[in-house]
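No value in this document is a laboratory result; all are computed from the given coordinates. In this text the structure is predicted, and so the values were computed from the model without any measurement. So basically every Cβ, Gly included, is an ideal-geometry build from the backbone, and we count neighbours across all protein chains shown.
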Amino acid sequence: MSQDQHDPAEESFSNSHVLDPAATQDSQETINAEMQEIHDAASGETQPRVNFPPYRSSLYRHPTKSMHHADPETIELWSPAFGNRDVHTLESDLTVQGQGEPLGERIVVRGKILDGDGRPVRNQLVEIWQANASGRYVHKRDQHPAPLDPNFTGVGRTITGDDGSYEFTTIKPAPYPWKNHHNAWRPAHIHFSLFGTDFTQRMITQMYFPGDPLFSLDPIYQSITDQKARDRLVATYDHNVSTHEWNTGYYWDIVLSGSNRTWMEGDTDAH
Amino acid sequence: MRIDQNQLDAARSGDERLVPTPGQTIGPFFGYADGFEQVHLPFRDGNHLVNPARPDAVRLTGTVYDGNGDPIPDAMLEIWQADAEGQIPQETGSLVRDGWTFTGWGRATVDNVGTYTFSTVNPGPTEEGKAPFIHLVVFARGLLNKLHTRIYLPEDTAALEKDALLSSLDADRRSTLIAERRADGSLLFDVHLQGEKETVFLQFPGIEYPDHA
């Protein structure tokens, strides 16, 4: 299937239901200028803005009234419990789900899940999902004309260890085009879904790969206005995670917002 | 990034807290459930905390709307709640439900017209005299970070009057957090991400929403 990147009218695929048609003609330069203006006026923010107009889909989907400060009560100081009943150990290896080996660069991603006080988040569920080595998701709404891989679903889950550690074996995902604006490409990423000890710590985020040339162009990554905070989403290449003649390795620690629970002595033996 | 030993020591000794990792949008491809074909985050019976055929099963349903008042087809919702006696469940098995164990947690994706449905039980009050509620967290394409809110049961009006969160809101805003009980016993709770009827979303200590300081 041929496709002229310079003429949107020539595009031979359509996923128009996942985008804002009015916005797809904006140039990368327009998006860059909008992002720059927001970044210039911001400082020291640690989380994404929910109102970030360069990400066009956020326009009508972010709250406009102020967030209501609340103290967590009872149920909110606990999280659901997950364990070996829920997740089989093989589910953390995304390369063994098909009849054969998936295509692409085999990688291991390893790290720890901690709370703001450095306590490991133990026995908790971690879920990931991602595009394949060609930049294609197994999803009926992904019509990007890159090949699906019959041996790769791009979904995995695991339960953290006593030290908060997790590890996935997978394939390095590729960047893929989307229609936020003209010639828009997402940097390669793996989606992570995380639970803490308190349900208020529940989070979903994306892990990126070091040195991606698409970082500066991507309004989802750039919705975090501070470089130091953005860096927290980027894994480190780690040669100790790479293994001989088998996989390259990345390391990524995740910090959840602080627990509001009153911790007992002994709950904190974090080593 | 990697948290190094110095940062960890400082955090554990209480000198300096670790800064939380930023959230990001769930995006459009978090999965779907299509009959028995379910991939990515949704899983079989994820929205059935109890079997819908159980006599005490309660249907919790509603629609997720954007700022134009249009239903959105690509949101994912999770609820977390006490059981009917007000006890906090700590049983595993949410992802592989056995049909008998109440785990208190469920996950639902909205359908093509923005509607979600859970099958659950009415939570009991976790403490004497407290207003029972179901905690709700919302993720969606176009939504750059998670949003927390509460679904209060409408019945115990005395407890609702005394509730710390509800009494800090004016009547219009307060009403966005209280579910409507319908004649068939089901609970109706719509989520408005933006606009006139915007749902009250909660910011708990430790998490920042920078443009909503």
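What are the trypsin sites (Lys or Arg not before Pro) within segment B:1-108 that DSSP puts in a loop, where the Cβ has at most 15 other Cβ atoms within 10 Å?
Numbers: sites: B:R2, B:R12, B:R17, B:R44, B:R59, B:R97, B:R107; in loops: B:R2, B:R17, B:R44, B:R97.
Qualifying residues, ordered by number: B:R2, B:R44.
Distance from the alpha carbon centroid of segment A:103-154 to that of segment A:163-197 works out to 6 angstrom. Fewest neighbouring Cβ atoms within 10 Å first, the residues B:D45, B:D211 line up as B:D45, B:D211.
Go ahead and run the numbers for FRET between B:T115 and B:A183, Cβ-Cβ distance against an R0 of 22 Å, rounding to 0.05. Display every interim value, and only then the final one.
Working: r = 19 Å, r/R0 = 0.86.
Here the calculated transfer efficiency is 0.70.
Take the Cα of A:S66, go 7 Å toward its beta carbon, and the backbone nitrogen atoms of segment B:174-213 under 11 Å from that spot belong to B:212-213. In a reduced charge model with +1 at each Lys and Arg Cβ and -1 at each Asp and Glu Cβ, segment A:101-243 shows a dipole moment near 360 debye about its Cα centre. Charged side chains reduced to their Cβ positions (Lys and Arg at +1, Asp and Glu at -1) give the protein assembly as shown a dipole of some 480 debye around its Cα centre.
Suppose only helical runs count, i.e. DSSP H with n ≥ 4. What mean residue ellipticity at 222 nm does that imply for chain A under -39500 (n - 2.57) per run, divided by all residues and rounded to the nearest 500 deg cm²/dmol?
Values: 2 runs with 18 residues, N = 271.
It comes out at -2000 deg cm²/dmol, rounded to the nearest 500.
Protection proxy ranking of B:165-177, A:69-81, by the mean of other Cβ atoms within 10 Å over each peptide's residues and highest first, is A:69-81, B:165-177. Spatial offset of segment A:25-83 relative to segment B:143-182 amounts to 23 Å, using the alpha carbon center of each.
A cut-off under 13 angstrom between Cβ atoms defines the neighbours of B:F139, and their net charge, with Lys, Arg +1 and Asp, Glu -1, is +2. Per-residue 3J(HN,Hα) values for segment A:88-96, derived from phi via the Karplus relation 6.51 cos²θ - 1.76 cosθ + 1.60 with θ = phi - 60°, read 7, 4, 5, 5, 8, 10, 7, 9, 10 Hz in sequence order (x marks Gly and Pro). The simple Förster model, with R0 at 41 Å and r as the Cβ-Cβ distance, assigns A:L214 and B:L169 a FRET efficiency of 0.45. Relative to the Cα centre, the charge distribution of chain A, modelled as +1 at Lys and Arg Cβ and -1 at Asp and Glu Cβ, gives a dipole magnitude of about 440 debye. A Förster radius of 45 Å combined with the Cβ-Cβ distance from B:A10 to A:E245 puts the calculated FRET efficiency at roughly 0.70. Couplings 3J(HN,Hα) of segment A:161-170, computed from phi: x, 4, 9, x, 7, 9, 7, 10, 9, 8 Hz, in residue order, whole Hz [Karplus 6.51 cos²θ - 1.76 cosθ + 1.60, θ = phi - 60°; x for Gly and Pro]. In this model, which of A:K65/B:K162; B:K130/B:K197; A:K228/B:K146; A:K65/A:K179; A:K179/B:K146; A:K112/B:K162 are farther than 32 Å apart at the alpha-carbon? From A:K65/B:K162; B:K130/B:K197; A:K228/B:K146; A:K65/A:K179; A:K179/B:K146; A:K112/B:K162, over 32 Å: A:K112/B:K162. Relative contact order of chain A, taken over Cα pairs closer than 8 Å and 6 or more residues apart, is 25 percent. What does the charge count near A:I190 come to, summing +1 for each Lys or Arg and -1 for each Asp or Glu among other residues with Cβ under 12 Å from its Cβ? Spelling it out: positives minus negatives among the neighbours equals +1. Taking the Cα centre of chain A as the origin and placing charges on Cβ (Lys, Arg +1; Asp, Glu -1), which of A:I171, A:V241, A:G83 is farthest toward the positive end of the dipole? Farthest along the dipole direction, towards plus: A:G83. Within the listed set A:Q97, A:Q47, A:Q201, the Gaussian network model of chain A (springs between alpha-carbon atoms below 10 Å) gives the highest mean-square fluctuation for A:Q47.
For chain A, just say rounded, prolate or oblate: build the C-alpha gyration tensor, square-root its eigenvalues into a ≥ b ≥ c, call rounded for a/c under 1.5, and beyond that prolate if a/b exceeds b/c, oblate if not. Because a/c hits 1.5 or more and a/b fails to exceed b/c, chain A counts as oblate.
Taking Cβ atoms as reference points and 12 Å as the exclusive limit, the residues near A:T205 contribute a net charge of +3, counting Lys and Arg as +1 and Asp and Glu as -1.
Of A:Y176, B:Y116, the sequence from fewest to most neighbouring Cβ atoms within 10 angstrom is A:Y176, B:Y116.
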